[in-house]
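J.: If you scroll down you'll find the structure; I have some questions about it.
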Ligand code: SF4
């Protein structure tokens, strides 16, 4: 991977962010398997050509710092930042858990409020259940509960007064359901040989909608899935209303996918190349 520092960030910051390791064939982490197979496939295939600017990794610094500090605060009888490795059907499967304590696995995430409002992500369920399996297989330790502790990095107190659904504090814990992760692991290991295009869910796709807006209001009166439905509302409500299209987007492809420049399924690829 080619690292650039186009914004001249200080060396101390660049060093603290660190660099991701080159993927090794048939060695997969719980995080790899919780992400789309296509991402990992393209990462392995194009690793030496991938370009990443260190300024795009600033939030990793925040995440690294948070993990470092929270590890210091772990209870004495807890397992913190434990790296576990096992053989699974001929491949190497690994995971580093943030915390195991009293049969509870906890994972810390720094995430946006928007992401939090969308609810828990399926990849979190896969990731934490692989950790649970690793604890059992490698150390013989059982886990009764899985939790995500999220720090909401863009939380604003002022918004708590305006929106009843807005989180009240910048921290939130979510329980993750316990499942058997092996069907997903088997499917993923099979798929990565010839990966499917990422699904709408894997791309974190937000649908295009049509908002019915009153006058100069900034909040929509109605949000519709079709333009025709929105037009019907405007006809009913009267002339002071209008329809505004809210263009959908594939958020992961657009902002959060390191291999997007090599992905033929990236809807923004031509725009990025232009
Ligand atoms: S660019 Fe989008 S479709 Fe392609 S690998 Fe990344 S997330 Fe998947």
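J.: Going by a ≥ b ≥ c, the root eigenvalues of the Cα gyration tensor, does the range 113-248 fall in the rounded group (a/c under 1.5), the prolate group (a/b larger than b/c) or the oblate group?
T.: Oblate.
J.: If you don't mind, there's one more thing I want to ask. Counting other beta carbons within 10 Å of each Cβ, put 224, 257 in order, fewest first.
T.: Listed from fewest to most nearby Cβ atoms, that is 224, 257.
J.: Which order, highest average first, do 87-98, 25-36 follow once you tally other Cβ atoms within 10 Å for each residue and take the mean per peptide?
T.: Order by mean packing, descending: 25-36, 87-98.
J.: If R0 is 51 Å, what FRET efficiency do you get for residue 69 and residue 231 from their C-beta distance, rounded to 0.05?
T.: That pair, residue 69 with residue 231, gives E of 0.45.
J.: Expressed in nm to one decimal, what extension gain is obtained for the pair residue 16 and residue 45 from 0.36 nm per residue of sequence separation less their Cα-Cα distance?
T.: 7.7 nm
J.: Taking Cα atoms, how many degrees apart are the long axis of helix 58-72 and the longest axis of the chain, rounded to 10 and kept between 0 and 90?
T.: Once rounded, one gets 50 degrees.
J.: Then there's this: Please give the residues of the range 12-33, grouped as numeric ranges, whose backbone N is less than 12 Å from a label point set 7 Å along the Cα-to-Cβ vector of residue 91.
T.: It comes to 24-33, nothing else.
J.: Using Cα pairs under 8 angstrom and six or more residues apart, how large is the relative contact order of the chain, in percent?
T.: 16
J.: Hey, another quick one. Express the relative contact order of the range 54-166 as a whole percentage, based on alpha carbon pairs under 8 Å and six or more residues apart in sequence.
T.: Across the range 54-166, relative contact order equals 24 percent.
J.: Report the extension gain between residue 169 and residue 101 in nm, rounded to one decimal, defined as 0.36 nm multiplied by the number of residues separating them, less their alpha carbon distance.
T.: Residue separation times 0.36 nm, minus the Cα-Cα distance, leaves 22.0 nm.
J.: Which FRET efficiency, nearest 0.05, do residue 161 and residue 216 yield, Cβ-Cβ r, R0 25 Å?
T.: 0.70
J.: Give me the mean projected area, in nm² to one decimal, of the convex hull enclosing the Cα positions of the range 2-196.
T.: The number I arrive at for the range 2-196 is 13.2 nm².
J.: I want to check the label-to-label distance for residue 26 and residue 6. Put each point 7 Å from Cα in the C-beta direction and report it in nm to one decimal.
T.: A separation of 3.9 nm, rounded to one decimal place.
J.: Which FRET efficiency, nearest 0.05, do residue 247 and residue 76 yield, Cβ-Cβ r, R0 41 Å?
T.: That pair, residue 247 with residue 76, gives E of 0.20.
J.: With each run of n ≥ 4 DSSP H residues scored as -39500 (n - 2.57), what mean residue ellipticity at 222 nm is computed for the chain after dividing by its residue count and rounding to the nearest 500 deg cm²/dmol?
T.: Value at 222 nm, helices only, nearest 500: -9500 deg cm²/dmol.
We did not get these values from a lab; they are worked out from the coordinates using the rules stated. From a predicted model like this one, the values you see are computed outputs, not experimental measurements. For neighbour counting, all protein chains shown are included, and Cβ atoms are generated from backbone atoms with ideal geometry for every residue, glycine included.
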